[in-house]
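I have placed the structure first, in the form of structure tokens, so that the comments after it can refer back to it.
We did not get these values from a lab; they are worked out from the coordinates using the rules stated. On a predicted model such as this, the values are computed, not experimentally measured, just so you know. Counting neighbours? That spans all protein chains shown, and the Cβs are built from the backbone with ideal geometry, glycine included.
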């Protein structure tokens, strides 16, 4: 799909009109109340040997559930859970719903020889897999995205990761983006609560990624603890090197400042980023208003979906109901187990709630640059990172988590009226992970090192580790309990 200059010009005009409409609508809108949570989980498709298989369409037909949908890669699918309230025993209900849906999907996919594997980056994925002519799902929107990023960039995509082992590889498509599978958490907020929640989510992004890192290998190389961060950032980068040198902002963006209201982020998106998919409302067949009368803001919402913030603002005009605002947290890698993922979600929901309601906000004490530096350090080093934190200074992130942030998250969950036994259950999972230093990334690295010491090649060790990971995932115990021998 290609767009004319006239279409791009009109899209820019309409998007700015959308922005003005949004500014006028925000003060008077009757938004849905805060508190609901949601989750999306991306997964890899593998065969019994742990190798990727490009059979997403066939797998979705076998699963036959509206909860599962396509993703960018032909070796990916995504599971979407409906929104839940967070109070009482609802986190346990989310966990059970996730287990039930995944169990059914695994059984049906297994009938055609396919396994679904939630893991940040599939360790057995190779450059040849990502260069395969059928790497991408065939839907037009994925083709359009691939074309748009490459056209904006004007050249091929290079993925460089400086780590224990250097990665430097060139691709003629955005295929490396499909290597990065994540869990996205949604938290519904009010307009007045959006800025405090987003700021809090940004402040904790570093410790959050350190706690949950699960992507230590990319194309056979030992990279960052969460290699998904640099891979995704570079795979969706529309900037040639000269624009990077000039300080042009990347489309996969941490941000550069704390915000005062939800409108700030939407205004930044329009001001800083040209549209790469300028599909008008008329071309999409979308109406001007949702059933409840909220403006759809088609162009603005579509544009927001092509600026990949690690904490993204979401405006949903609703379908016959009230519109809602959400913070979409995109920091977490998929896996290792459902128990781990719900514990990670509980940590996020609890901690942002507690920090957002502090009398003296954390972002009034913390330079934004420190939050970004923490995010980079924790993505690189995981639970071995050091971070800066107000009132403490430089500290090991594992110590900060165990002694400060996890207790604050527990208090936040209590403020949300989460059942006390569930608070103890989920916070004990993340505490043990922080104290032991064993997240998914640490486990993967340790096992591969042991297998290589026994004489296996890197390729053989990665395949064996992936099969062991799959077996542990089937048992379902949290990753800090997994054997490393």
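Calculated from the alpha-carbon coordinates, the range 380-485 shows an Rg and a Dmax of 16.9, 52 Å respectively. Within the range 1-60, the ratio Rg/Rh, alpha carbon atoms throughout and Rh by Kirkwood, equals 1.25. Packing, taken as the mean count of other beta carbons within 10 Å per residue, orders the peptides 399-408, 36-45 from highest to lowest as 36-45, 399-408. Computed over the alpha-carbon atoms, the chain gives an Rg to Rh ratio of 0.94, Rh here being the Kirkwood radius from the mean inverse distance. The alpha carbon radius of gyration of the range 166-227, expressed as a multiple of 2.2 N^0.38 Å, is 1.51. Helix-only estimate, please: 222 nm mean residue ellipticity of the chain, summing -39500 (n - 2.57) across DSSP H runs of length 4 or more and dividing by its residues, to the nearest 500. So the helix-based figure for the chain works out to -14000 deg cm²/dmol. Counting only DSSP beta bridges whose two residues both lie in the chain, roughly 90 percent are antiparallel. For 431, 197, the sequence from fewest to most other C-beta atoms within 10 Å is 431, 197. Here the range 221-275 is treated as a Stokes sphere of Kirkwood radius computed over C-alpha pairs; at 10 °C and 1.306 mPa s its diffusion coefficient rounds to 122 µm²/s. Taking every Cα-Cα distance in the range 162-285 and sorting them into 5 Å bins starting at zero, the pair-distance distribution P(r) comes out as 2, 8, 14, 17, 19, 18, 12, 6, 2, 0, 0 percent. Sorted fewest first by neighbouring Cβ atoms within 10 angstrom, 194, 84 come out as 84, 194.
Using all pairs of distinct alpha-carbon atoms, the Kirkwood hydrodynamic radius of the range 1-159 works out to 19.0 angstrom. The convex hull around the C-alpha trace of the range 68-145, projected and averaged over every direction, spans 7.0 square nanometres. Take each peptide in 239-248, 184-193, 335-344, count the other Cβ atoms within 10 Å of every residue, and average; sorted highest first, the result is 335-344, 184-193, 239-248.
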